[in-house]
1. Among the numbered criteria (1) within 16 Å of the ligand (Cβ to nearest atom); (2) part of a helix (DSSP H, G or I); (3) surrounded by fewer than 24 Cβ atoms within 10 Å (Cβ to Cβ), which single criterion is violated by residue 229?
2. So which residues in region 107-127 are in contact with a strand residue (DSSP E or B) (Cβ under 8 Å, 6 or more places away or on another chain) and away from the ligand (no atom under 13 Å from the Cβ)?
3. Considering only region 81-122, how many residues are more than 19 Å from residue 315 (Cα to Cα), open to solvent by less than 10 Å² (accessible area, probe 1.4 Å) and not aliphatic (A, V, I, L, M)?
4. Residues of region 205-222 being buried (at least 24 other Cβ atoms within 10 Å of the Cβ) and free of Cβ contacts under 8 Å to residues at least 40 places away in the same chain, which ones?
5. Can you pull out every residue in region 128-173 that is free of Cβ contacts under 8 Å to residues at least 24 places away in the same chain and either hydroxyl-bearing (Ser, Thr, Tyr) or touching a strand residue (DSSP E or B) at 6+ places or on another chain (Cβ under 7 Å) (or both)?
6. Quickly run through region 38-71 and pick out the residues that are in a helix (DSSP H, G or I), open to solvent by 40 Å² or more (accessible area, probe 1.4 Å), within 30 Å of residue 241 (Cβ to Cβ) and touching a helix residue (DSSP H, G or I) at 6+ places or on another chain (Cβ under 7 Å).
7. Give region 104-121 a look and list any residue that's under 13 Å from residue 62 (Cβ atoms) and either in contact with a helix residue (DSSP H, G or I) (Cβ under 7 Å, 6 or more places away or on another chain) or modelled with pLDDT of 95 or more (or both), or say none.
8. Quick test of your reading of the structure: residue 257 fulfils all but one of (1) outside any loop (DSSP other than H, G, I, E, B); (2) touching a residue at least 60 places away in the same chain (Cβ under 8 Å). Name the failing condition by number.
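The values are calculated or read from the model by the stated rules, or taken from the named source; none is laboratory data. Fair warning: this is a prediction, and the values are worked out from it, not measured in the lab. Note that we place each Cβ from the backbone using ideal geometry, even for glycine, and neighbour counts take in every protein chain shown. To get the accessible areas, we keep the full protein, side chains included, count just its heavy atoms, and leave off ligands, DNA and RNA. Shrake-Rupley method; radii C 1.70, N 1.55, O 1.52, S 1.80 Å.
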Amino acid sequence: MDGGRVKGPSSGSAATTADSAHDLALARTFLESSREYVDRRLDFYLPRQDVVPQSLHKAMRYSIFAGGKRLRPALVFAAAEAVGGSREDGAPVACAAEMIHTYSLIHDDLPAMDDDDLRRGRPTCHKVFGEAMAILAGDALLTYAFEVLGHTPRAEAVPAVVRAIARGVGTQGMVGGQVLDIEGEGKPATLETVSAIHAWKTAALIAACCEAGALAGGATPKECEHLRQYGREIGLAFQIVDDILDVTSSPEALGKTPGKDARMGKATYPAVMDLAKARAEADRLAAQALQALRVLGPRARTLAALGRFVVERRS
Ligand code: GRG
């Protein structure tokens, strides 16, 4: 299966193929170095597993260090750098974003939600530590994330950074999107309902990462607005690709159980259009996201490459 990949008007040209390969190589290198950096900082911030209560700290660390692409931290760093800031400026936001993302995965896998046994290629948190501890590990990661945001080096940016992240994960962001997702299960989906769910459930946190990374890096309000817009489009494209991979990929490649969306009657893009159209929509959104970066000039090169990675990824 080709994952619904369709050829655009210029997608066969040698120049386009070379650009794409170059962007993907740049994105992969950046993701790798972001991962090393953010993992060191997460290890520093998170309580050690021999600190009381050991069981809780062990569960938090198990899920955080289970793997994962670390896309959200990479977007935070790339956004901070695109406005002239440094990786150090963005480090607390990057760690907080990964803690919040991991909390959402732990809770999403619980029997009361998606009831999954496999995540990031390993048994899910509740399978290893029990449901009560998994709920508490998620709660603790969310709470701790906001403490870590307070360590943002540009102190004057902290209130806006906290507001941006809280908005992205609250009732009209990730948590609200999860509610719409659950309430939509088994009901006939429309393009409008699917894109509303995806905009809140997935894109809102990704947009908040770009906005908060930019704020931490000292962005102007105009730069922030452009980066938030880039994040919204790339976040939506990311979830469309996630929906496609759920249909086309294997447990080994995904590190989680594929085919669950259809089994649970979830509102997804493949439920409302064929795979080639869904793929074309992801490509359109990614192209629109890159337009939002133009105002930033060459400093947004890494963000552009990460945008390409989001739609080309296979896991
Ligand atoms: C439970 C409050 C609460 C929210 C859950 C984000 C979410 C809402 C649920 C997680 C499951 C899911 C399908 C989320 C959509 C976002 C998404 C595709 C998450 C997976 O992100 P990746 O691919 O994961 O970046 P890794 O493991 O690479 O970090």
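1. Every listed condition holds for residue 229 apart from (1).
2. 117
3. Here the count works out to 3.
4. Within region 205-222, just 207 meets the criteria.
5. Looking only at region 128-173, we keep the residues that are free of Cβ contacts under 8 Å to residues at least 24 places away in the same chain, and these are 130-132, 143, 147, 155-156, 158-159, 162-163, 166, 170-171.
Scanning region 128-173 gives 143, 171.
6. Listed by number, the residues that qualify are 41, 62.
7. 105, 106, 109, 119
8. (1)
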